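The values are calculated or read from the model by the stated rules, or taken from the named source; none is laboratory data. If you're wondering where the values come from, they're calculated on a predicted model, not measured in any experiment. Here the Cβ positions follow ideal geometry from the backbone for every residue, glycine too, while neighbour counts run over all protein chains shown.
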Amino acid sequence: MSAAPDLHTAAPDAAVRSALAVDVKGVEKVFPNGVRALERIDFDVRDGEFVTLLGPSGCGKSTLLRLIAGLLPPSAGAVSLQAQGGGPRRLAFVFQHPTLMPWASLLRNVRLPLDLAGVARGEADRRVRAALDLVGLSEFERVYPRELSGGMQMRASIARALVTEPRLLLMDEPFGALDEITRNRLDRDIRELWARQRLTVVFVTHSIYEAVFLSTRVAVMSARPGRILHQVAIDEPHPRTEAFRVSQRFAAHCAQLSALLAGQR
Amino acid sequence: MSPLKLVAPALVGLAVLLLWQGLVTWYEVPVYLVPSPLLVLQTLVRDWTLLGGSLLVTLRIALLALLLALLLGIALAFVFVQSRAIEASLFPYAILLQVTPVVAIAPLIIIWVKDPTLALVICATIVALFPIISNTAQGLRSVDPELLDLFRLNHATRLQTLVRLRVPSALPYFFAGLKVSSGLALIGAVVAEFVAGTGGTASGLAYQILQAGLQLNIPRLFAALLLITLAGVVLFLAVSLLARMALRGWHESELAR
């Protein structure tokens, strides 16, 4: 292992061997009002990766995520989600806001995807409790969203995403509205969940620090029109602790991404 | 409810009544101009068989109208939100119905509809309908777009989205409309009765007010007026209670402050 991170690796060699999870080919997005949100995006995600889309506001990173989720159709090109074993790939989306139903308890909020899919009540409740347990909210199943802090609401939102046991987790700046302390803790937790549940994650953020801490690979985007300029592997071992946050290697990764973002203009 | 919210208005009311009683007694105002509160109360008790019966007639019309406005209003709101085209073609007529004064169309309805009670119920329904339609329709549309995305991502059917998302989102709007409509239903019932005169049921509170006015029986007029006001307040409180039970615990409008 070299002392400094390799600053020029384009693709992580560990991930290349695993199966393709998301394949975005030649995708463009022009909104009806004429805004060119994305231009010629070629991008893929492999099973088990934690990929972050990093860029300034308005660079189209959220648009790209919504295209991958199928919430928006591309104007050109194609997005394909590779299913394993032929079935549709289960994906879950975590929004910028907790997006909980204010009239429903946490239990019912987290159970929603299962209710919509027609999973039997007993089985569903069991899985909801497991998901709430994963995010440390097992004592709060009867509580209504507004009684919880922003961080806890976000945890509930993540539990709702995990309850379907998704193969692909898409997260759209989920911790952007939280204070830094809560955000750091949730970053640590989501990293832990990613490793433990063997998730594949595509994560949108405009925080360089968050991108470095979380990712196995960072895609750096530029604005107007949105393009992927660089892809950088964050080749660091898994248990990433608070010590990693203050390490020289962390700083080096941040400096590299910062330079790439600054070089855009 | 906090004690302040009960005690403060009660004190104001009591002060006004005392002042009223005092002024009427002091200046010896004739009964046929302004009766004293005590006399109004005595009249209410003495004429209770007559006035109580009339109260029931008017209340029945108002409640039937409110129920009808509720059913029609919700149904129409659901139809409106099905497509922008439907709403665009029908909504102007809902507004037309709203802006036409009920006094102007009541005579027609009373001529067309044989049953006097039904005629009055229709008049009151027309008055009470609009807030329920427009509020419920707005509520059904006012859904958090991210929650809509969440439902889409989970392949929710149209019905699932309606029942689990649109209806609960619409509840606060619906109840705001219902609160307005509960008062309007009573107003509609009374106004229609006035217009109908002897052509109506000839037994509601408005009829008693008309008769008492003609006979210069001002204390009875006041007593009937008092009953209408009380009925309106009770109706409003009942709807508020319903709203509180439905929204308690999650909606900002019904949280303890």
Exercise. Taking into account only those residues within the stretch A:89-110 that are facing another protein chain (nearest Cβ under 8 Å) and not in a loop (DSSP other than H, G, I, E, B), which is nearest to residue A:167 (Cα to Cα)?
Worked result: A:91
Exercise. Are any of the residues in the stretch A:54-71 farther than 30 Å from residue A:236 by Cα and either touching a strand residue (DSSP E or B) at 6+ places or on another chain (Cβ under 6 Å) or part of a loop (DSSP other than H, G, I, E, B) (or both)?
Worked result: yes
For this session: State the number of residues belonging to the stretch B:178-228 that are in a loop (DSSP other than H, G, I, E, B) and under 22 Å from residue B:97 (Cβ atoms).
Result: 1
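Yes/no matrix, rows are residues, columns are (1) within 14 Å of chain B (Cβ to nearest Cβ); (2) in contact with a Pro (Cβ under 8 Å, 6 or more places away or on another chain); (3) β-branched (Val, Ile, Thr):
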{"residue": "A:135", "(1), (2), (3)": "no, no, yes"}
{"residue": "A:143", "(1), (2), (3)": "yes, no, yes"}
{"residue": "A:149", "(1), (2), (3)": "no, no, no"}
{"residue": "A:153", "(1), (2), (3)": "yes, yes, no"}
{"residue": "A:166", "(1), (2), (3)": "yes, no, no"}
{"residue": "A:170", "(1), (2), (3)": "yes, no, no"}
{"residue": "A:174", "(1), (2), (3)": "yes, no, no"}
{"residue": "A:179", "(1), (2), (3)": "no, no, no"}
Exercise. Filter the stretch B:40-99 for residues that are under 19 Å from residue B:131 (Cα atoms) and among the aromatic types (Phe, Trp, Tyr); which is surrounded by the fewest Cβ atoms within 10 Å (Cβ to Cβ)?
Worked result: B:93
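Let's see how each residue does on (1) in the same structural domain as residue A:23 (by TED's automatic domain parsing); (2) among the β-branched types (Val, Ile, Thr); (3) crowded, with 20+ Cβ neighbours inside 10 Å:
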| position | (1), (2), (3) |
| --- | --- |
| A:39 | yes, no, no |
| A:62 | yes, no, yes |
| A:67 | yes, no, yes |
| A:78 | yes, no, no |
| A:81 | yes, no, no |
| A:126 | no, no, no |
Exercise. Which number in (1) in contact with a strand residue (DSSP E or B) (Cβ under 6 Å, 6 or more places away or on another chain); (2) within 21 Å of residue A:49 (Cβ to Cβ); (3) surrounded by fewer than 22 Cβ atoms within 10 Å (Cβ to Cβ); (4) modelled with pLDDT under 90 marks the one condition that residue A:226 misses?
Worked result: (3)
Exercise. Can you name the number of the only condition in (1) farther than 22 Å from residue A:92 by Cα; (2) touching a Ser or Thr at 6+ places or on another chain (Cβ under 6 Å); (3) surrounded by fewer than 21 Cβ atoms within 10 Å (Cβ to Cβ) that residue B:132 fails?
Worked result: (3)
Problem set entry | Residue in the stretch B:4-19 that is without any contact (Cβ under 8 Å) to a residue 40 or more places away in the chain, part of a helix (DSSP H, G or I), among the basic types (Lys, Arg) and within 30 Å of residue B:139 (Cβ to Cβ) present | yes
Exercise. Is the stretch A:105-115 home to any residue that is outside the structural domain of residue A:70 (by TED's automatic domain parsing) and in contact with a strand residue (DSSP E or B) (Cβ under 8 Å, 6 or more places away or on another chain)?
Worked result: yes
For this session: Could you list, in sequence order, all residues of the stretch B:42-52 that are free of Cβ contacts under 8 Å to residues at least 24 places away in the same chain and aliphatic (A, V, I, L, M)?
Result: B:45
Exercise. Here are A:115, A:125: which of them is acidic (Asp, Glu), within 14 Å of chain B (Cβ to nearest Cβ) and assigned to a helix (DSSP H, G or I)?
Worked result: A:115
Exercise. List pairs: first in the stretch B:155-168 and facing chain A (nearest Cβ under 8 Å) and farther than 13 Å from residue A:113 by Cα, second loosely packed, with under 12 Cβ neighbours inside 10 Å and charged (D, E, K, R), Cβ under 6 Å, 6+ apart or cross-chain?
Worked result: none
Problem set entry | Filtered residue count, the stretch B:88-121, keeping only those that are in a helix (DSSP H, G or I), out of contact with any Ser or Thr (no Cβ under 9 Å at 6 or more places or on another chain) and not hydrophobic (A, V, I, L, M, F, W, C) | 4
